[in-house]
1. Exactly one condition in (1) within 16 Å of the ligand (Cβ to nearest atom); (2) more than 18 Å from the chain's Cα centre (by Cα); (3) aliphatic (A, V, I, L, M) is false for residue 186; which is it?
2. With the checklist (1) within 18 Å of the chain's Cα centre (by Cα); (2) over 20 Å from residue 13 (Cα atoms); (3) small (Gly, Ala, Ser) in hand, flag the one item residue 141 doesn't pass.
3. State yes or no: is residue 185 in contact with a strand residue (DSSP E or B) (Cβ under 8 Å, 6 or more places away or on another chain) and either basic (Lys, Arg) or surrounded by fewer than 13 Cβ atoms within 10 Å (Cβ to Cβ) (or both)?
4. Kindly indicate the residue of segment 100-117 that is of a type outside the set (A, V, I, L, M) and surrounded by fewer than 19 Cβ atoms within 10 Å (Cβ to Cβ) and also nearest to residue 14 (Cα to Cα) among those meeting that condition.
5. Among 196, 176, 160, 206, which is away from the ligand (no atom under 16 Å from the Cβ), assigned by TED's automatic domain parsing to the domain that holds residue 220, touching a residue at least 40 places away in the same chain (Cβ under 8 Å) and not polar (S, T, N, Q)?
6. For segment 36-70, what are the residues that are closer than 30 Å to residue 26 by Cα and hydroxyl-bearing (Ser, Thr, Tyr)?
7. With the condition being over 20 Å from residue 16 (Cβ atoms) and within 13 Å of the ligand (Cβ to nearest atom), I'd like the strands (runs of 3 or more DSSP E) fully within segment 50-154 carrying at least 1 qualifying residues.
Amino acid sequence: MSGFNFDVITLFPQAFELINNLGVITRAVDKNLIDLNLHDLREYGEGSYRQVDDKPYGGGAGMVLKPEPIYKAYESITKSPKSKTLLMTPQGKVLKQKDLVRWSSLDQIIIICGQYEGFDERIRYLADEEISIGDYVLSGGEIPAISIINGLTRLLPGTLGDPDSLINESHNSYLLEYPQYTRPQMFRGMEVPDVLMNGNHREIKLWREEQQIKRTYERRQDLIKDELSNNQNWEENINEE
Ligand code: SAH
């Protein structure tokens, strides 16, 4: 049985060693749930220097990835029936949990990592989606790619020890997760809330729901606003029919 394929085009394949050292992923690789195929961009470089970048037309700072090596690397990849290509760029759509969930039903994700000042504009035509992992700029697409591989892999059946742990966690719904405690009951003067100690499951459930709402309201009102406006659109759509 072959698993979910991640194909990554990168100038720094060694950066992906990190993946094998992150518990969840190690388990997924061992169980053949995922295959990580690294495509070293340097191997597709031009001339005896294996050149992959060049100065930007029109001038300006730094170097830009050339289109030809990336197109060649891309064309060398065997495409699965349910495949999507993601381009890592701070100009892309900001990654959300719902994107990871959506992609988890595919069987292949191809990820193109940029470097230096970025890449030739024509590389964008290879991508189904352009993805940013946040409104800040990193030196390359490797850490964004690792974030996607890690977040998606833990959604695949058989990866997590306990699949139930996906249900209530933050960003699965628009509410953040409730506060969690484990032993000891009293730690340096900080106590576990009584309600969690009394074994009344109904009360515990209510307390957790309340905490989720409170937390989200205090920290991420934007999530609540988005949810409300989505529901409003939904109602408008129903009324139109
Ligand atoms: N000059 C470019 C940024 C280049 S950063 C610009 O202004 O758009 C170099 C590479 O790092 C990018 O091509 C991209 O692949 C990656 N990268 C940097 N920040 C990123 C982010 N927030 N999300 C996804 N990829 C990012």
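1. Tallying (1) within 16 Å of the ligand (Cβ to nearest atom); (2) more than 18 Å from the chain's Cα centre (by Cα); (3) aliphatic (A, V, I, L, M), residue 186 fails exactly one: (1).
2. Just one mismatch for residue 141, condition (2).
3. Working: in contact with a strand residue (DSSP E or B) (Cβ under 8 Å, 6 or more places away or on another chain): yes; either basic (Lys, Arg) or surrounded by fewer than 13 Cβ atoms within 10 Å (Cβ to Cβ) (or both): yes.
It is true that residue 185 is in contact with a strand residue (DSSP E or B) (Cβ under 8 Å, 6 or more places away or on another chain) and either basic (Lys, Arg) or surrounded by fewer than 13 Cβ atoms within 10 Å (Cβ to Cβ) (or both).
4. First, the residues of segment 100-117 that are of a type outside the set (A, V, I, L, M): 102-105, 107-108, 113-117.
Then keep just the ones that are surrounded by fewer than 19 Cβ atoms within 10 Å (Cβ to Cβ); that gives 102, 104-105, 107, 116-117.
Values: 102: 28, 104: 25, 105: 28, 107: 24, 116: 17, 117: 21 Å.
Out of the qualifying residues, it is 116.
5. On the way: 196 fails: touching a residue at least 40 places away in the same chain (Cβ under 8 Å); 160 fails: assigned by TED's automatic domain parsing to the domain that holds residue 220; 206 fails: touching a residue at least 40 places away in the same chain (Cβ under 8 Å).
From the options 196, 176, 160, 206, the qualifying one is 176.
6. First, the residues of segment 36-70 that are closer than 30 Å to residue 26 by Cα: 36-44, 70.
Correct list: 44 only.
7. Working: elements: 83-94, 108-112, 129-132.
Of the strands (runs of 3 or more DSSP E) lying wholly inside segment 50-154, those with at least 1 residues that are over 20 Å from residue 16 (Cβ atoms) and within 13 Å of the ligand (Cβ to nearest atom) span 83-94, 129-132.
The values are calculated or read from the model by the stated rules, or taken from the named source; none is laboratory data. Given the structure is predicted, the values throughout are model-derived calculations rather than measurements. Ideal geometry is used to build each Cβ from the backbone, glycine not excepted, and the neighbour counts take in all protein chains shown.
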